[in-house]
Amino acid sequence: MNDDDERFNGPELIVTEDGSHSLYLSAMKETYHSFHGALQESEHVFIRSGLEYFSVQSDVSPIRILEIGFGTGLNALLSAIWAAEEGRNLFMDSIEAYPLPLDLANQLNYPKLIGKETSQPWFDKMHENPWNKQISIHSSFSLKKVDNKLQVQRLSLETYHIVFFDAFAPNKQSELWEREVLARVFQSQAPGGVFVTYCAKGQLKRDLKEIGYRVETLPGPPGKKEMVRGIKK
C-alpha cells in the first residue's frame, strides 16, 4: 500500500549497538528498532516474552501469530528459527502498510549475525515472495504478509494466540494505538492469548486493561526499563 505518507519515505540503513541493522526514518526521526540493539530487542520482547511464554502455557498447534508491523522481517525470521528448533508449527499473519524496497531488505545483516545455515534462504524467501498470499517458509512456519493498514484490515475473531505489536511509538504513529484499534486486536485473539509490545506507556496499559487484558509490566530489553505483556482473560 502506498498513500504517499511522507513519514515513511526513504528509510536509511543504520547499525545498532549489538551490531544488527535497523532503519532510520528522517522525516519521523524514528528507528525501526532500538538503537541499543535490534536483534536483542526482538528476541527479548517478541520471542522470549511472547512466543516462548505462550508455548509453555499451551500445546495448541499450530500457534497463530498476528504481527503489527512486518518492517524488516526480523521478528518473522526469529519466529521461523524458533519453530524449526522447537518443532512447533507456526502460522504468522504480518500487517505492513509500507513495505520495504527489496534492494534495501537484501542489505539487512540478520541472517549473517544469527549464523544459522538456513537463516539466509528463509529470510530471502520472506522478502521475495508475494504479498497477501500464505507462503510456507519451511515445514513448520508459514507466513502471510498483508499489505494494508491495521485500521482498515479485517481481523478474524478469536483466531490469534499471540500478537506482536511492533508499530512505531505512540507519539510517532498514534493512529495504531487508539483504543478502538487495540480493541479490534483484542477481539481477534483467542482466550488466553498473549499480546506483547516494547511500549510501556501508562495510557497504553490503562487502555489494555479497560479492553479486557490482564496487563503485566515486565523488564524491558537492554536500554529500555520496561515492556508490556497482556493476557486475554
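The values are calculated or read from the model by the stated rules, or taken from the named source; none is laboratory data. Here the structure is a predicted model, which means the values were calculated and not measured. Using ideal geometry, Cβ is built from the backbone for each residue, glycine included, and neighbour counts are taken over all protein chains shown.
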(message) Looking at segment 1-25 only, could you name the residues that are modelled with pLDDT under 95, in contact with a strand residue (DSSP E or B) (Cβ under 9 Å, 6 or more places away or on another chain) and surrounded by fewer than 18 Cβ atoms within 10 Å (Cβ to Cβ)?
(response) R7, N9, G10
(request) Restricting attention to strands (runs of 3 or more DSSP E) lying wholly within segment 50-148, give those where 3 or more residues are over 14 Å from the mean Cα position of the chain (by Cα). (result) 135-138
(message) Testing H36 on (1) of a type outside the set (A, V, I, L, M); (2) more than 22 Å from T159 (Cβ to Cβ); (3) without any contact (Cβ under 8 Å) to a residue 40 or more places away in the chain; (4) in contact with an Asp or Glu (Cβ under 8 Å, 6 or more places away or on another chain), one condition comes back false. Which one is that?
(response) (3)
(message) Whether any residue in segment 67-74 is of a type in the set (D, E) and closer than 20 Å to V146 by Cβ is what I want to check.
(response) yes
(request) State whether one or more residues within segment 49-66 are free of Cβ contacts under 8 Å to residues at least 40 places away in the same chain and in contact with a helix residue (DSSP H, G or I) (Cβ under 6 Å, 6 or more places away or on another chain). (result) no
(message) One residue is enough: does segment 96-112 have a residue meeting the conditions over 18 Å from L23 (Cβ atoms) and surrounded by 18 or more Cβ atoms within 10 Å (Cβ to Cβ)?
(response) no
(message) Condition check: in contact (Cβ under 8 Å) with a residue 60 or more places away in the chain, part of a loop (DSSP other than H, G, I, E, B) and under 30 Å from G193 (Cα atoms). Does F46 satisfy that?
(response) no
(request) Report, ordered by the first and then the second residue, all pairs with beta carbons closer than 6 Å, sequence separation of six or more or different chains, a first member in segment 87-99 that is more than 11 Å from S136 (Cα to Cα), and a second member that is crowded, with 22+ Cβ neighbours inside 10 Å and of a type in the set (F, W, Y). (result) S94/F70; E96/F70
(message) Six or more apart or on different chains, Cβ atoms under 7 Å: show the pairs whose first residue is in segment 208-221 and within 18 Å of V45 (Cβ to Cβ) and free of Cβ contacts under 8 Å to residues at least 40 places away in the same chain and whose second is among the hydrophobic types (A, V, I, L, M, F, W, C) and part of a loop (DSSP other than H, G, I, E, B).
(response) T217/A200
(message) The conditions are (1) closer than 21 Å to Q57 by Cβ; (2) in contact with a strand residue (DSSP E or B) (Cβ under 7 Å, 6 or more places away or on another chain); (3) part of a helix (DSSP H, G or I), and L204 fails exactly one of them. Which is it?
(response) (1)
(request) Considering only residues that are among the aromatic types (F, W, Y) and either in a helix (DSSP H, G or I) or touching a residue at least 40 places away in the same chain (Cβ under 8 Å) (or both), look in segment 149-194 and name the one that is farthest from S55 (Cα to Cα). (result) F168
(message) Suppose we filter E216, E180, E175 for residues that are modelled with pLDDT of 95 or more, farther than 15 Å from I68 by Cβ and not aromatic (F, W, Y); which single one remains?
(response) E216
(request) Filter segment 196-213 down to residues that are in contact with a helix residue (DSSP H, G or I) (Cβ under 9 Å, 6 or more places away or on another chain) and either among the aliphatic types (A, V, I, L, M) or under 18 Å from F54 (Cβ atoms) (or both) and give me whichever is surrounded by the fewest Cβ atoms within 10 Å (Cβ to Cβ). (result) G212
(request) Within segment 137-145, identify whether any single residue is under 29 Å from R7 (Cα atoms), among the basic types (K, R) and surrounded by 20 or more Cβ atoms within 10 Å (Cβ to Cβ), and answer yes or no. (result) yes
